[in-house]
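Have a look at the structure below before the remarks.
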Amino acid sequence: MSRKYLQSSCRICSNTTLHSFLDLGSMPIPNGFLTKEQLSQKENKYPLKACVCTSCWLVQLTHVIPAEIMFRNYVYIPSTSTTMVQHFESLSIESSKKAYLRKNNLVVDIGSNDGTLLSNYKKNGARILGVDPAQNLAKKANAQGIPTLAHYFTKELASAIVAEHGRAKIITATNVIAHIDNLHDAIDGVRTLLHPNGLFVMEAPYLVDLIDNNEFDTIYHEHLSYFAVHPLQKLFNMHNLHIIDIIKQPVHGGTIRVYVSPIDSNYSVHPRVENFITEEKVKQFHTLAPYRDFASRVKNMKKDLILLLKRIKQEGKFIVGYGASAKGNVLENYCAINSDILNYIVDSTPYKQGKYTPGTHIRICSEEKLLKDRPDYALLTSWNFTEEILEKNKKYREGGGQFIIPVPGVRIV
Ligand code: DWN
């Protein structure tokens with residue numbers, strides 16, 4: 001399997017010198033939750049390794065798993081978190097202002113999932129269109145009045161959308177551009193679909209935060225690219241687009257909201273764009289040092305977490321997981337945390353309850369079970385929602401329950 005799916009060159013600049021710096025082992029796809037019947041069946045595992053292009057400095061996976069295996073039936077929905085629902089509302093308000101969005105202008109969301117983001121633009125009178133390959137989510141979104149095409153976003157699809165609906169004043173793409181293998185085709189599609197004075201707004205986890213905060217568990221098969229601003233600017237410039245503003249967001253462990261327009265549009269470039277590129281240089285992200293240091297910190301975190309969980313289990317304590325997240329599946333597979341350590345995992349997503357985690361086969365239950373059983377500890381794998389989840393579980397904590405938070409460093413609260 002190790003040669004199958006191997007990426008031979010950088011997906012932005014085609015450079016063939018890719019330096020591998022972190023090997024998380026061989027594991028199943030991160031949202032490959034299993035039914036009870038599937039537990040006894042063979043589970044495909046794929047190499048999970050990160051590398052960096054020594055020319056444009058894009059961090060990417062060494063192995064690219066076919067999208068069809070991961071995205072046709074998708075169980076992750078952002079609306080399970082109040083934080084994300086509020087985040088999408090503020091994104092729609094801010095982007096509508098920046099793009100001078102008018103009633104009846106077209107807004108297209110790439111990777112529209114269950115339509116949570118688009119519903120905000122619809123409320124304010126825009127024409128909306130979602131694009132998402134997940135048949136299950138597209139069906140749900142269409143049923144809720146969010147017109148959604150169950151397709152991957154490509155240049156060809158962009159041309160078809162222009163022919164039928166005209167050009168888009170805003171194109172959004174939150175946590176999806178990093179999932180796309182053929183980046184040039186997708187960005188060519190954005191250029192085709194975007195109104196000459198339109199804005200493309202993409203959000204992705206920011207590589208500098210990932211490295212600085214040891215967020216190794218956000219490295220998984222769905223995320224093919226891990227963006228710093230420097231390689232992103234190069235990608236857009238190759239398609240006569242450029243970054244006009246970047247605003248940091250706290251979600252998903254540190255995210256960049258990147259505003260992009262056609263190079264010949266009326267938008268001026270905000271000075272803070274250059275600040276990001278300068279900071280990446282100062283932090284030496286154009287050398288191998290930060291990546292090597294990150295990899296050794298990850299190995300130490302793994303040791304710390306395994307030691308803590310083993311000690312707690314030897315004391316006869318009862319531990320569960322909190323959040324059946326993709327990152328949680330990476331953490332559990334990388335640290336060999338299975339049902340001998342976590343009795344079960346609680347999660348608010350209906351699709352996931354009653355299923356089992358990929359590779360480690362831990363049962364997923366509803367959140368209510370936490371207060372019923374009052375385990376001694378809960379390993380918070382959805383640490384990107386720490387504030388929301390701690391607030392939600394005040395009673396559990398007041399009763400003596402404690403959360404183990406693995407990232408950016410193992411701690412108990
Ligand atoms: O890029 C991606 C990110 C944005 O989301 C996708 N490729 C996959 C997914 O990654 P993830 O599954 O690690 O995302 P989350 O948002 O960290 O997952 C949170 C999980 O925690 C969900 O399964 C819902 C659950 N949850 C919960 O049980 N109670 C979340 C909250 C806020 C809660 O209160």
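No lab work stands behind these numbers, since they all come straight from the coordinates. These numbers come from a predicted model, not from an experiment. Cβ sites come from the backbone with ideal geometry, for glycine too, and all protein chains shown count toward neighbours.
Remarks
- Global form of the stretch 327-413, assessed from the alpha-carbon gyration tensor, a/c cut-off 1.5: oblate
- Prolate/oblate/rounded call for the chain, Cα gyration tensor, a/c under 1.5 rounded: prolate
- Selected from Thr381, Ser96, Leu210, residue furthest toward positive end of dipole (the chain; charges at beta carbon): Thr381
- Extension gain for Glu368-Ile247 works out to 39.9 nm (0.36 nm per residue, less the C-alpha to C-alpha distance).
- Each residue, Glu89 and Asn343, gets one label point 7 Å from its Cα in the Cβ direction; the gap between the two is 3.7 nm.
- Most tightly packed first, judged by the mean number of other beta-carbon atoms within 10 Å of their residues, the peptides 45-56, 7-18, 84-95, 196-207 read 196-207, 45-56, 84-95, 7-18.
- Percent antiparallel among DSSP beta bridges (both partners in the chain, rounded to 5): 55 percent
- Fully extending the segment from Ser296 to Glu391, taken as 0.36 nm per residue of separation minus the present Cα-Cα distance, adds 30.9 nm.
- In a reduced charge model with +1 at each Lys and Arg Cβ and -1 at each Asp and Glu Cβ, the stretch 67-225 shows a dipole moment near 1040 debye about its Cα centre.
- Each part gets one Cα centre, and for the stretch 321-353 versus the stretch 75-103 those centres are 28 Å apart.
- The magnitude of the dipole of the chain, with charges of +1 and -1 set on the Cβ of Lys/Arg and Asp/Glu and taken from the Cα centre, is near 360 debye.
- Using a Gaussian network model of the chain in which every pair of alpha carbons under 10 angstrom is joined by a spring, one finds that among Lys155, Lys97, Lys352 the greatest mean-square fluctuation is at Lys97.
- A straight line joining the Cα centroids of the stretch 47-62 and the stretch 275-294 runs 14 Å.
- Stretch gain in nm, segment Glu274-Glu398, where the contour uses 0.36 nm per residue and the Cα spacing is subtracted: 40.0 nm
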